[in-house]
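The values are calculated or read from the model by the stated rules, or taken from the named source; none is laboratory data. This one's a predicted model, so the numbers in the text were calculated from it and none came from an experiment. All Cβ positions, glycine included, derive from the backbone under ideal geometry; neighbour counts span all protein chains shown. Quick note on the areas: whole protein, heavy atoms, side chains included, nothing else; ligands and nucleic acids left out. Shrake-Rupley method; radii C 1.70, N 1.55, O 1.52, S 1.80 Å.
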Amino acid sequence: MTIPKILSVAGSDSGGGAGIQADIKTSQELGVFSTTAITALTAQNTMGVQEVFPVSTEFLKAQLKAVLSDIGTDVLKTGMLVSEGHIQVVCDAIDTYSIKRVVVDPVIASTSGSDLLNEAGVKALKETLLPRTTIFTPNIPEALRLTETHEPVTVADLKKLAVQLYQFGPTIVVLKGGHFNGDAVDVFYDGTRLELLTEERMQRTNTHGTGCTFASAIAAELAKGSIPFEAVKLAKAFITEAIRYGLPIGKGNGPTNHAAYKQSR
C-alpha cells in the first residue's frame, strides 16, 4: 500500500492552532501521513506570539536529512522559515532529494504584528525558494510586502498582484483574499490560467492558523494525486468549513476547526 506523505517545515505553535500543529491535524483529517522539520519554537496563544526561539540551521538540516533519507516525501510544505540561512537549508534539501512538489506559505508576520521572517529572509524567499515552488499561497499583506505595491481595491487589482507574484518564479500562485473587502476571493494563476475561487465571507473571530491549514490541505491533496487546481479547490472547501466551525478557545482569536470538514460530510 502506498501511503501519501507530506513533510512540513515550519514553526511549532504552543497554542496548537497554527504551524506544525495545524499541519499535522490537517494531514490527519485528510488521510495523509505527516512528517516534520521544526524551524523554531514559539511561545504563543490566542492573544499572539510572545517569544520565538529559532532552531539552528544545523539542526534543521539534521531533521530534513533524517526524514528524507529514510521516509521521503510526496510534497514538501513550508511555513515559518525564520531566516535566509534556514531557507537555504530547505532549498538544498529540495535539490539534494529531488523534491518535485513544494507548497510555500510565506509566514512573514503574525496576525498580531510580530515579525517572523527577517528582511534578508524575505529576499532569500523571493530569490531562492520561490523559483523552486510549485504552489505559492500568500495572503494580501504578505503579497504587498513582497511586491512593494499598494493595497488592492478591486478584483482586477488582485489579479494584477497575482501576476506580479508569479514573476518571482513559482509554478502557481494562489493569492488569498481573506483580507479583501467583500466576498472571500482567492486568485489562482499558473502563467496562463487565471481563476477566481469565491466563497461568501463569514464573519468569524476564531481564524487562527487559516494560512497554515489551507496550505497543508493543498499539500495533502497533491500528495494524494490531485492536479493543482483540484487540490486548491478541495483545500478551499476544507478551510471554509474549518473557519465556519472555528473553536472558541482562549481569550483571543481561537483556532479553526480541523475536524469540521469531515464532520460536515
Worksheet, complete the sentence: Amide H proximity to ARG201 below 5 Å, modelled H, separation 5+ or other chain, gives ALA184
Worksheet item: What ³J(HN,Hα) values, in whole Hz, does the Karplus curve 6.51 cos²θ - 1.76 cosθ + 1.60 give for the stretch 236-244 when θ = phi - 60°, with x put for Gly and Pro?
Response: 4, 5, 5, 6, 4, 5, 5, 6, 4
Worksheet item: Which of rounded, prolate, oblate describes the stretch 161-265, given a ≥ b ≥ c as roots of the alpha-carbon gyration tensor eigenvalues and a/c under 1.5 marking rounded, otherwise prolate only if a/b is larger than b/c?
Response: prolate
Worksheet, complete the sentence: Note on the stretch 1-94, DSSP bridge orientation, antiparallel percent to nearest 5 equals 35
Item to complete: Would you mind pulling out the separation of the Cα centroids of the stretch 137-167 and the stretch 191-238, in Å?
Response: 17
Worksheet item: Counting only protein chains, not ligands or nucleic acids, how are HIS208, HIS86 ordered by accessible area (probe 1.4 Å), most first?
Response: HIS208, HIS86
Worksheet item: What lysines sit close enough to LYS61 to cross-link, taking a C-alpha to C-alpha distance under 22 Å and skipping anything fewer than 8 places away on the same chain?
Response: LYS5, LYS77, LYS100, LYS123, LYS126
Worksheet item: Is the stretch 1-104 rounded, prolate or oblate when judged by the Cα gyration tensor, a ≥ b ≥ c being the square roots of its eigenvalues, rounded requiring a/c under 1.5 and prolate requiring a/b larger than b/c?
Response: oblate
Discussion item. So, for the stretch 65-190, what is the accessible surface per residue at a probe of 1.4 Å, expressed in square angstrom?
Written reply: 42
Discussion item. Strictly over 31 Å apart at the Cα level, which of LYS65/LYS160; LYS176/LYS251; LYS160/LYS251; LYS65/LYS262; LYS25/LYS65 would you flag in this model?
Written reply: LYS65/LYS160; LYS160/LYS251; LYS65/LYS262
Item to complete: Tally up the carbon and sulfur contribution to the accessible surface of the chain as a whole percent, 1.4 Å probe, everything protein left in place.
Response: 52
Worksheet item: Rounded, prolate or oblate: which fits the stretch 81-170, taking a ≥ b ≥ c as square roots of the Cα gyration tensor eigenvalues, rounded meaning a/c under 1.5, else prolate when a/b beats b/c?
Response: oblate
Fill in: Farthest positive-ward along the chain dipole, Cα basis, beta-carbon charges - from LEU64, ALA259, VAL9
ALA259
Worksheet item: Near the amide H of THR36, under 5 Å away, which other amide H atoms are found, from residues 5 or more places off or on another chain, if H is placed in the peptide plane?
Response: SER8
Practice prompt. Arrange the peptides 8-17, 62-71 so that the one whose residues have, on average, the most other Cβ atoms within 10 Å appears first.
Written response: 8-17, 62-71
Fill in: Residues with amide H under 5 Å from that of GLY252, placed H, sequence gap 5 or more
THR46, MET47
Discussion item. Using protein chains only and a probe of 1.4 angstrom, how many square angstrom of GLU84 are accessible, to the nearest 10?
Written reply: 80
Item to complete: Report, ordered by chain and residue number, the aspartates and glutamates lying within cross-link reach of LYS159, taken as a straight Cα distance under 20 Å and ignoring same-chain residues fewer than 8 apart.
Response: ASP105, GLU142, GLU148, GLU151, ASP183, ASP186, ASP190, GLU195, GLU199, GLU200, GLU230
